[in-house]
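Everything on this sheet refers to the single structure shown next.
The values are calculated or read from the model by the stated rules, or taken from the named source; none is laboratory data. These numbers come from a predicted model, not from an experiment. Here the Cβ positions follow ideal geometry from the backbone for every residue, glycine too, while neighbour counts run over all protein chains shown. We work out accessible area using only protein heavy atoms, side chains counted, and drop any ligands, DNA or RNA first. Shrake-Rupley method; radii C 1.70, N 1.55, O 1.52, S 1.80 Å.
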Amino acid sequence: MVSEKANTIGESPTLKVTAKAKAMKAEGIDVIDLSVGEPDFPSPDNVKKAGVRAIEENFTKYTQNDGIPDLKEAIIARLKEDQGLIYDKNEIIVSTGAKSSLYHLIQALINDGDEVIIPSPYWVTYPHAVSLANGKGVIVSTKEENGFLMTPDELKSAITPATKALILNNPSNPTGAGYPRHALEALADVVMEEDIFVIADEIYEKLVYDDFRFYSFASLGEEIKKKTIVISGVSKSYSMTGWRIGYAAGPADIINGMAKIQSHSTSNPCSISQKASLEALRGPQYDVSKMVSEFQRRRNYVLMRLQSLPEVSCHKPQGAFYVFPNFSSVYKKEFNSMPIRNSYGLAYYLLKQAKVAVVPGDAFGADANIRLSYATSTENLEKGLDRIIEAVSQLKTAKKVKRIALNNTLTRIKKSVPVDSSISMSMRDALVAEMEDSLSYDNYFEWNANINGVIVQLRTNVSHLNDFWIENWYPAQLEADIEPHGIIYAVDGIPGRESRGFYNSETKTGILVNTDNYSPLRSLALGLVIDVSERLFNTYALRGMSVDVNGKGLVLVGPKGTKKSDLFYALLQDTEVRLHSNDILFVRLSGGKVLADSIERKLLMPTNTVEFNPSLASLFDNSKCENVITRKEDCQDADCLRLDDCRLDRGSPFCYKASKNSVSLLDPYWIEGPAKHTKRIQMQWIFILRYDTSSPPSAEMEGEDALRILESGQSPGLKTTLSPPRSQPFFNPHLLLATPERLEYQRNFFRQLLQLTTCYLFNSGVATVDHIKRLIKGDAPPENTR
Ligand code: PMP
């Protein structure tokens, strides 16, 4: 297992979107990538040559850990020339990219619990870098109408005694906002007054437009310089992102601390890149100004195009190569009835519909916006903006706002629990006494259900279980002195007891301890009812999925892995087919006929059934649900996670597919209306399922052969991956009593049943639902049957 840190940290969303765009391009999809975080120009020629020279001169060994002295001198000279800043070599460190300088700085500066103020929108890395140092990021929202600049008041009100530093990114990724000198000075006053450090990320210092003049925070005065650590590098200014050189300038003790940490993480940055960076900083600066004027032209173009979207506002950036338009006015709109809910939803829509990759603003702490990068060709910008404008104009205002308030309960226990069905009378009495003791009168629910004519009383302290119980079953008659056939205690919160079930057949008492999940309760109730109805009514349970086809009943029986659900939902597509039961049938023989009843008022259905029948989703929306996933972290659908196409990311509040353990209690009459469901079938066919690729599609079976398979509870040839393999006589997990006597009763019953029905062994590994349809019409190809 990876550490908590690794588990909770999100991958850089910018890198993720860019990777996605690249993958789509590789598939031949014409994607325009406006998510890029690096200039699209080659590194300057003199820089490349310097790199080659370094290799030729064998400058390919470890260098000084904190950077070669020449490069430090070049950095010092540039800071002096550009900003009038004076630094010594021991106040400079060169790192593997500005990101690495920033990381080592935060590690060197921040103690556990120190607060670091991060104005939002922020560069995605800041909060993570702070929390990886066990610091606490304090996010301060800046306002679009203030040009995304933090005001002194906003800074002041975020400062507490625990505040150690402020991270100020100027010009900003993602907004492009640049701080004019007076705005910096106003912040510097607060910084001095409150005595905090400033981490001045000035990586975009050279990429500024119009008449904006960039000032380094450290340049505001000698005192403020002592509290400032400047972070910069060659990545953006010289189009050298891949060379990985950044640097920091600040007080010698802090730089020394960073150097110690760096010596144990990356050591020196790449020797060749250091030589290339030396050339970048010392050589002619002509390429920088060429790039700046091209970026400025593109920025103006993008702003001009965005103006054609009246409901979208966009701050005019002073620097960097991003615009950060506010699209929140389209969030209420929808495309093909799919509402855009937030910046992730919009980014997803633009990627899928318009084939344009952008970064959702939420990644930068500003959900109203999206980030577009203009570090791409004018041709791409034209195409990309054409597409965005077209896609946004296709969004329609939703006619009525559909509000889905999912009725969902998350339970502590997610699965079935073991049941001991052989407890003695004295143990039963002791357990009942313990349960009664634990049920307090102010948190006690009791309800009699009529399950196939058997009256089962639930006594519980879990309101959710009571809720599902009442929803699932028909009520027993409302007579005060009614005597239930059996009682189930479902008591949660008993200290020191594991989650498990008990059953005593003599007294028809079920006991469920420390379980808040409904499935084990339903299963125990069915087991109790099977026990009673076998003896009292000569009615037996058959585990399967059943339908009615023009008045004749068909049941699919088989363990997991035999595609039972696939076949069931495929059969239901047919207009002649009606739904009977999705899990359990109570069967009796009457006048030479086999009658099977579906005895549940509502069917407990795994919500991932939407994969077979997407229209069920809107029915689940209106049904009681349990354990439907609402957070991506809880998703168990590995295939879906791999596709990186998560509906929760796109703003959906929940996902029906994400867990095998999420269920809904669905009214069967809602599935295509009352005519599609029947409570009773006259059984004609039993299909016992197997799944392999070599056996024949189907074979009609003699009663004794079928009985053997049913009783074994094992599908022939099925290599089950379930561990440990569970032997379930008659494939029925709800059977509580598998004593020789009970099995003999069941055997006798099924022997008669199989004489009155036609039974096939059906291989869903090679045959489809059409084969079933041909078999029941009596026109299956003869070679397929015996
Ligand atoms: N700071 C900011 C604000 C950035 O946008 C980036 C790059 N996206 C960096 C630092 C990191 O730069 P480098 O590639 O030199 O690590």
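Quickly rank 275-288, 313-326 as a protection proxy: mean count of other C-beta atoms within 10 Å, highest first.
Highest mean packing first, the order is 313-326, 275-288.
Checking the table Lys156/Lys225; Lys99/Lys316; Lys80/Lys236; Lys80/Lys136; Lys225/Lys275 against a 22 Å threshold on Cα-Cα, which pairs fail?
Over 22 Å Cα-Cα: Lys99/Lys316; Lys80/Lys136; Lys225/Lys275.
Under 5 Å between amide H atoms, partner at least 5 residues away or on a different chain: which partners does Val36 have, H built in plane at 1.01 Å?
Long-range HN contacts for Val36: Ser373.
So for the chain, considering every pair of alpha-carbon atoms, how many percent are separated by more than 55 Å?
33
Could you provide, to the nearest whole Å², the per residue accessible area of the range 214-354 with probe 1.4 Å?
About 38 Å² of surface per residue is accessible.
From the convex hull of the Cα coordinates of the range 439-500, what is the mean projected area in square nanometres?
4.9
Dimensions of the range 448-550 along principal axes (Cα, Å, largest first)?
52, 34, 26
Residue by residue through the range 17-32, what is 3J(HN,Hα) from phi via Karplus (6.51 cos²θ - 1.76 cosθ + 1.60, θ = phi - 60°)? Round to whole Hz and write x for glycine and proline.
5, 4, 4, 5, 4, 5, 5, 5, 4, 4, 7, x, 7, 7, 9, 9
Binning at 5 angstrom from zero up to the longest distance, how are the C-alpha pair distances of the range 549-670 distributed in percent?
Answer for the range 549-670: a P(r) of 2, 9, 17, 21, 18, 14, 8, 5, 3, 1, 1, 0 percent.
Pop the C-beta distance of Asn550 and Gln307 into the FRET formula with R0 = 60 Å and round what comes out to the nearest 0.05.
Efficiency for this residue pair is about 0.40.
Return the long-range amide H neighbours of Gly233 (sequence gap of 5 or more, or a different chain), with a cut-off of under 5 Å between placed amide H atoms.
When sequence neighbours closer than 5 places are left aside, the close amide H contacts are Tyr247.
Listed highest first by mean packing, meaning other Cβ atoms within 10 Å per residue, what order do 594-600, 419-425 come in?
Going from most to least packed, we get 594-600, 419-425.
Short version: ³J(HN,Hα) in whole Hz for each residue of the range 200-210, in order, from phi by Karplus 6.51 cos²θ - 1.76 cosθ + 1.60 (θ = phi - 60°), x for Gly and Pro, what are they?
Residue by residue, the range 200-210 yields 9, 7, 10, 4, 9, 3, 7, 9, 10, 10, 6 Hz.
Can you find, among Ser289, Leu303, Ala363, the residue sitting farthest towards the positive end of the charge dipole of the range 280-366, where Lys and Arg contribute +1 and Asp and Glu -1 at Cβ?
Result: Ser289.
Carbon and sulfur together cover what percent of the accessible area of the chain at a 1.4 Å probe radius?
C and S atoms contribute 50 percent here.
Rank-order 484-490, 666-672, 461-467 by packing density, defined as the average count of other C-beta atoms within 10 Å over each peptide's residues, highest first.
With the highest mean Cβ count within 10 Å placed first, the list reads 484-490, 461-467, 666-672.
Tell me, what is the 1.4 Å probe accessible area of Val432, in Å² to the nearest 10?
20
Figure the gain on full extension for Trp670 and Lys396 (residue separation times 0.36 nm, minus the Cα-Cα span) and round it to one decimal in nm.
Residue separation times 0.36 nm, minus the Cα-Cα distance, leaves 95.7 nm.
Amide H to amide H, which residues 5 or more places from Val359 or on other chains are under 5 Å from it, using H placed in the peptide plane?
Distant-sequence amide H within range of Val359: Arg371.
Please list, in order along the range 40-53, the HN-Hα scalar couplings obtained from phi with the Karplus expression 6.51 cos²θ - 1.76 cosθ + 1.60 (θ = phi - 60°), rounded to whole Hz, x for Gly and Pro.
8, 9, x, 5, x, 4, 4, 5, 4, 4, 4, x, 5, 4
Provide the per residue accessible area, probe 1.4 Å, for the range 561-661, rounded to a whole number of square angstrom.
Accessible area per residue: 42 Å².
In the chain, what % of DSSP beta bridges are antiparallel (nearest 5)?
Rounded to the nearest five, the antiparallel share is 60 percent.
Which is farthest toward the positive dipole end of the chain among Leu666, Leu109, Ser157, measuring Cα position about the Cα centre, with Cβ charges +1 (Lys, Arg) and -1 (Asp, Glu)?
Leu666
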